[in-house]
Amino acid sequence: MKKIEQRAILCCVLALVLALGLSVFLVRYLVRGGSWVSSPFNRHLYNTSGQLAVGTVLDRDGDVLSGVENGQRTYYDNATVRKATLHAVGDLQGNIGTGALNAFADKLTGYNLLNGAFGAAQGGELYLTIDARYNYEAYEALNGHAGTVAVYNYKTGEILCMVSAPSYDPLNVPEDIETNPRYEGAYLNRFLSSTFTPGSIFKTVTLTAALEKIPDLDSRTWTCEGSVQIGDETIVCSGTHGQQNIGDAFANSCNVVFAQLAQELGASTMKQYTDKAGLTDSYSVDGLPTAKGSFAWEGISDGQLGWAGVGQGQDQVNPCAMMCYMGAIANGGKAAKPYLIYKTVSPLGLPSLPRLNGKTSQLIASDTAEILAEMMAQNVQKTYGTGRFPNMDICAKSGTAEVGEGKTPHAWFTGFLRNEDAPYGFVVLVENGGGGSSVAGTVAGKVLDVIVNGY
């Protein structure tokens, strides 16, 4: 009898271990099944060169960006389009981590939980939200400069344009790509995976805090004489603006005023509003994490706080996070979270289910967003010029970010459109490009013109 009891206990233990193991496997299958199927070890999915030999990547209009012919991966027939869409599509060597051939390989195999990779011989179709023509125009507008251009629908989350440069032709990889400074960071998606000194585009955050925390802000005036001493730091301005109210100071992008506002607000308040704006968070773009922005608020001096308030010092922002913040300003404080996968079609011809996309948290109070949007619209009217943006109700902020070491500043231009039929947020960064409005603003104008007015 005792032996029977011992055997029964042993059987129960083994059954529990089996059940636990099965549970672990099922959980891992649910979570990692796609990556298992798309592993390069599945030789029936990859050719002898290690290239994914199934599946088609298309843009939102159905233009084939990458397909397969005779077991070999092919690309769009225009070299500039191939360069412009590289960081969305991927290369043959797997060096572009954000490219669909790498990041969304499971979608290209046609894998799903019900039938696994049944039908993988022909693969699935993956439609991206980007438009090849918009990417082409953005890449051309960068004119050989390093940087990034992105446009998205802040109501739906669709990324219409996502360009990162430097880039290269995946069918003709430069032999000196690893050594030529021209291609430094070519594998990196600057929109998703990098952070940069923001310069004056960060003044939107400082202004948001000031609008909510300084009661008499509207009635105040400041005098800019070209610089101001705050603690041990001399905050230098781009010009001598004289007497100005807050609207003029924002339109003039006056460092003197915004450094003083940051000092008055204090480091804890600046940190609070920076975090609330989502600039220190990481967004997930169809599973692709964005880089987190970073700011040094702890233990800084008044002078350092002044520089931080104008987007200098140790401030670092991610372009995607800044674009989402712009979308939130346009959309009552919350914006749709960005995404890249438009739809998929299985090898059996079955389309993916309709997407349920979420929104960001409340990045800015709705009433503050309205005020800030109007002030950004005034920026365009007073400073940038509405003629550069035909048929667009545009709100924007430029930035010229000093990066030290004798280098030319980064040029930024970010904002949104309030057109009912064009609810788009955008961000443009031209690394070491110079003036934000003149350089990055010109790039933005060219790209938005094509998107809004056609080509």
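What the table below lists for this structure:
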quantity	calculated
Sole residue being of a type in the set (Lys, Arg), at pLDDT 95 or above and assigned to a loop (DSSP other than H, G, I, E, B), chosen from Lys397, Lys334	Lys334
Lone qualifier among Gly327, Gly303, Gly313 - being part of a loop (DSSP other than H, G, I, E, B) and either touching a Pro at 6+ places or on another chain (Cβ under 6 Å) or among the small types (Gly, Ala, Ser) (or both)	Gly313
Single residue of Thr414, Thr408, Thr368, Thr383 found to be within 20 Å of the chain's Cα centre (by Cα) and either touching a residue at least 40 places away in the same chain (Cβ under 8 Å) or closer than 22 Å to Phe191 by Cβ (or both)	Thr414
Restricting segment 76-88 to residues that are of a type outside the set (A, V, I, L, M, F, W, C) and within 13 Å of Ala100 (Cα to Cα), the residue that is surrounded by the fewest Cβ atoms within 10 Å (Cβ to Cβ)	His87
Any pair with Cβ under 7 angstrom, 6 or more apart, that starts in segment 145-174 at a residue that is farther than 15 Å from Ala132 by Cα and ends at one that is among the polar types (S, T, N, Q) and part of a loop (DSSP other than H, G, I, E, B)	Tyr154/Asn331; Lys155/Asn331; Thr156/Asn357; Gly157/Asn357; Pro174/Asn180
Restricting segment 351-394 to residues that are of a type in the set (S, T, N, Q) and part of a helix (DSSP H, G or I), the residue that is farthest from Tyr273 (Cα to Cα)	Thr386
Residues that are of a type in the set (Asp, Glu) and either over 19 Å from Lys343 (Cα atoms) or not in a loop (DSSP other than H, G, I, E, B) (or both), drawn from segment 62-108	Glu69, Asp77, Asp91, Asp106
Qualifying residue in segment 274-283 (condition: part of a loop (DSSP other than H, G, I, E, B), of a type in the set (Phe, Trp, Tyr) and touching a residue at least 40 places away in the same chain (Cβ under 8 Å))	yes
Long-range neighbours under 8 Å by Cβ, at least six apart or interchain, first residue touching a residue at least 12 places away in the same chain (Cβ under 8 Å) within segment 65-77, second surrounded by 14 or more Cβ atoms within 10 Å (Cβ to Cβ) and among the aromatic types (Phe, Trp, Tyr)	Leu65/Tyr75; Leu65/Tyr76; Ser66/Tyr75; Ser66/Tyr76
Complete set of residues in segment 352-377 that are charged (D, E, K, R) and closer than 14 Å to Lys397 by Cα	Glu374
Scope segment 409-455; condition at pLDDT 95 or above and of a type in the set (Ser, Thr, Tyr); matching residues	Thr414, Tyr424, Thr442
Considering residues of segment 127-156 that are part of a loop (DSSP other than H, G, I, E, B) and touching a helix residue (DSSP H, G or I) at 6+ places or on another chain (Cβ under 6 Å) only, the residue farthest from Asp421 (Cα to Cα)	Ile130
Filtered residue count, segment 43-68, keeping only those that are modelled with pLDDT under 90 and exposed (fewer than 15 other Cβ atoms within 10 Å of the Cβ)	5
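For (1) touching a residue at least 60 places away in the same chain (Cβ under 8 Å); (2) surrounded by 19 or more Cβ atoms within 10 Å (Cβ to Cβ); (3) of a type in the set (Val, Ile, Thr); (4) closer than 18 Å to Met323 by Cβ, each residue gets a yes or a no:
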residue	(1), (2), (3), (4)
Pro390	yes, no, no, no
Ala396	no, yes, no, yes
Val430	yes, yes, yes, yes
Gly441	no, yes, no, yes
Asn453	yes, no, no, no
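Here's the yes/no breakdown for (1) of a type in the set (A, V, I, L, M, F, W, C); (2) closer than 21 Å to Gly303 by Cα:
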residue	(1), (2)
Asn189	no, no
Thr195	no, no
Thr204	no, yes
Leu217	yes, no
Ser227	no, yes
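The values are calculated or read from the model by the stated rules, or taken from the named source; none is laboratory data. All values derive from a computational prediction rather than experimental measurement. Using ideal geometry, Cβ is built from the backbone for each residue, glycine included, and neighbour counts are taken over all protein chains shown.
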